4 protein chains.
Amino acid sequence: MHTRSYFTVRYAETDRMGIVHHSNYPVWYEIGRTDYIKSFGISYSEIEEAGILFPVTNLSCHFDRPARYEDEIVVRTWALELKAAHIQFTYTVKKINPDGSQEELGYGTTEHGIIDSKTFRPVSLKKRMPELYEKIKATF
Amino acid sequence: MHTRSYFTVRYAETDRMGIVHHSNYPVWYEIGRTDYIKSFGISYSEIEEAGILFPVTNLSCHFDRPARYEDEIVVRTWALELKAAHIQFTYTVKKINPDGSQEELGYGTTEHGIIDSKTFRPVSLKKRMPELYEKIKATF
Amino acid sequence: MHTRSYFTVRYAETDRMGIVHHSNYPVWYEIGRTDYIKSFGISYSEIEEAGILFPVTNLSCHFDRPARYEDEIVVRTWALELKAAHIQFTYTVKKINPDGSQEELGYGTTEHGIIDSKTFRPVSLKKRMPELYEKIKATF
Amino acid sequence: MHTRSYFTVRYAETDRMGIVHHSNYPVWYEIGRTDYIKSFGISYSEIEEAGILFPVTNLSCHFDRPARYEDEIVVRTWALELKAAHIQFTYTVKKINPDGSQEELGYGTTEHGIIDSKTFRPVSLKKRMPELYEKIKATF
């Protein structure tokens, strides 16, 4: 089970090398994560309103080919692991060519703590949002 | 009365034109504003902790010459107008050449509402922070 | 004649005030500009490959209401003025509510020089790209 | 052998969680890298002008504690490995408290190809910039 997020490379995302600056990929992963969470019938905004945050604890990105201004991009996202107060996502980033073929540009992972927005202390997603927890668990 | 803020252009701030992307200038103005406020003996963080926000309502930027990666930049900041629930700042952005001479790259202004962080409604800086209000007023 | 560009607010675009940081609006205008140019049958990438750049010389933004994470945004873009080596665009930014109604968040303008990518000197769009020039002219 | 880079957290770097968005850390690493290269008597701008680029092929970031607006940050940078057409850097990010004590916020690594700016093909730094190559080698 995974989601696909589509968007076009912005001019501001390029750097003087003429390619997308690597610091934009974590932002793109986040677009993927937003859509992935939403596919379970709850938005990440609503999770935060319920007092739960998913701060990033680890990030890794691998870059094979560069993306350029106006490239059509698709990010594929899925959860790799879910524990009580910890969740891990994986992403692949592809470019969609004008002929519809796709080229993989790279991939990455993010690991997140699951914490209370007031105390910044770990909380159990299983206890606080059992329905979401079970839905994600069911994807493994 | 004004402050000067110094920093070096970051690689990520450039775009495929080889120059600093214009969306970074409001961020640079904000560096200037942070230092300007701090010069009155209070940090903008402390203003926010006291429940007051300065959201931007108008922004204008004029660009004469481009900035490039590793350029040494100085932003000069001062307040142009202060009313009960409204404040306006002006900025000039200059590049410092290796020989110490300076070149103006452009200038800009920001206008801000002064609002309560809970209600997002206008508040009187004069009433809520009379000391800061008087200090800024004294610069005109 | 105008174009409409649709996208969702990214988490990374928010700031500690809980709203979209104002420096993202010029980036959003650029998304609008990209789509507007493309509506004339040429991409802005192709204009740059033809050796012409449109660097921003003036930017103004007016902010009425804040945008927040996951808001659906529409940017409406049109050209306001076109001279030999100068072009001006206008943008309105609206939020699309879940019920389909729209709320204006603000508006802005950008002015651009039209320059040669090698010399960074003004060039005549009318001479270098007469077809695009006439198409934009025809919208006034 | 390592360098230290100092700067203050910008407002625009924060997100609605109230902390620095994780996508800024690769930008901070790049500040560190810029200073590290400069410590060998050549700027990264000059390397690029000589036709050599260091695009990022892998990025990893570990986050222990969050950074906040106006925090004073120090990034420590050093090279971990240098091969003919490949270089790896490591970074630690610390916060400097008002009392001068430091707290580690996290660390990261970047791996870079060494390529020709025209062909985007690997080049040997040892051959193209033997002096810089030997200076970096001498730090291991």
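The values are calculated or read from the model by the stated rules, or taken from the named source; none is laboratory data. Computed from a prediction, not measured in an experiment: that's the story for all the values here. Cβ: placed from backbone, ideal geometry, glycine included. Neighbour counts: every protein chain shown. In case anyone asks, the SASA skips ligands and DNA or RNA and just uses the protein heavy atoms, side chains included. Shrake-Rupley method; radii C 1.70, N 1.55, O 1.52, S 1.80 Å.
Here are the numbers for the structure shown:
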{"read-out": "Filter pass, residue A:84 being over 17 Å from residue A:29 (Cβ atoms), modelled with pLDDT under 95 and surrounded by fewer than 19 Cβ atoms within 10 Å (Cβ to Cβ)", "value": "yes"}
{"read-out": "Residue in region B:82-100 that is within 11 Å of another protein chain (Cβ to nearest Cβ), out of contact with any His (no Cβ under 7 Å at 6 or more places or on another chain) and of a type in the set (Ser, Thr, Tyr) present", "value": "no"}
{"read-out": "Output for region D:1-46, where each listed residue is polar (S, T, N, Q) and within 17 Å of the chain's Cα centre (by Cα)", "value": "D:3, D:5, D:8, D:23, D:24, D:34, D:39, D:43, D:45"}
{"read-out": "Residues of region A:12-66 classified as within 8 Å of another protein chain (Cβ to nearest Cβ), of a type in the set (Asp, Glu) and over 19 Å from residue A:92 (Cβ atoms), total", "value": "2"}
{"read-out": "Candidate set: region D:72-113, residues that are part of a strand (DSSP E or B) and polar (S, T, N, Q); chosen: the one farthest from residue D:9 (Cα to Cα)", "value": "D:88"}
{"read-out": "Single residue of region B:52-71 satisfying the filter (assigned to a strand (DSSP E or B) and over 14 Å from the mean Cα position of the chain (by Cα)) that is surrounded by the most Cβ atoms within 10 Å (Cβ to Cβ)", "value": "B:63"}
{"read-out": "Criterion violated by residue D:1 - all others in (1) in contact (Cβ under 8 Å) with a residue 60 or more places away in the chain; (2) in contact with a Lys or Arg (Cβ under 6 Å, 6 or more places away or on another chain) satisfied", "value": "(2)"}
{"read-out": "Residue, surrounded by the most Cβ atoms within 10 Å (Cβ to Cβ), within region A:24-46, restricted to residues that are in a helix (DSSP H, G or I) and touching a helix residue (DSSP H, G or I) at 6+ places or on another chain (Cβ under 6 Å)", "value": "A:30"}
{"read-out": "Failed condition for residue D:77, given (1) touching a residue at least 24 places away in the same chain (Cβ under 8 Å); (2) surrounded by fewer than 21 Cβ atoms within 10 Å (Cβ to Cβ)", "value": "(2)"}
{"read-out": "Those residues of region A:101-119 which are within 24 Å of residue D:19 (Cα to Cα) and away from chain C (no Cβ under 14 Å), in sequence order", "value": "A:108, A:109, A:111, A:113, A:114, A:115, A:116, A:118, A:119"}
{"read-out": "Checking residue D:49 against (1) open to solvent by 20 Å² or more (accessible area, probe 1.4 Å); (2) in contact (Cβ under 8 Å) with a residue 60 or more places away in the chain; (3) not β-branched (Val, Ile, Thr), the condition it does not meet", "value": "(2)"}
{"read-out": "Evaluation of residue B:99 against (1) on the phi > 0 side of the Ramachandran plot; (2) open to solvent by 10 Å² or more (accessible area, probe 1.4 Å) (one fails), failing number", "value": "(1)"}
{"read-out": "Residue in region D:116-137 that is over 27 Å from residue D:24 (Cα atoms), of a type in the set (Phe, Trp, Tyr) and crowded, with 16+ Cβ neighbours inside 10 Å present", "value": "yes"}
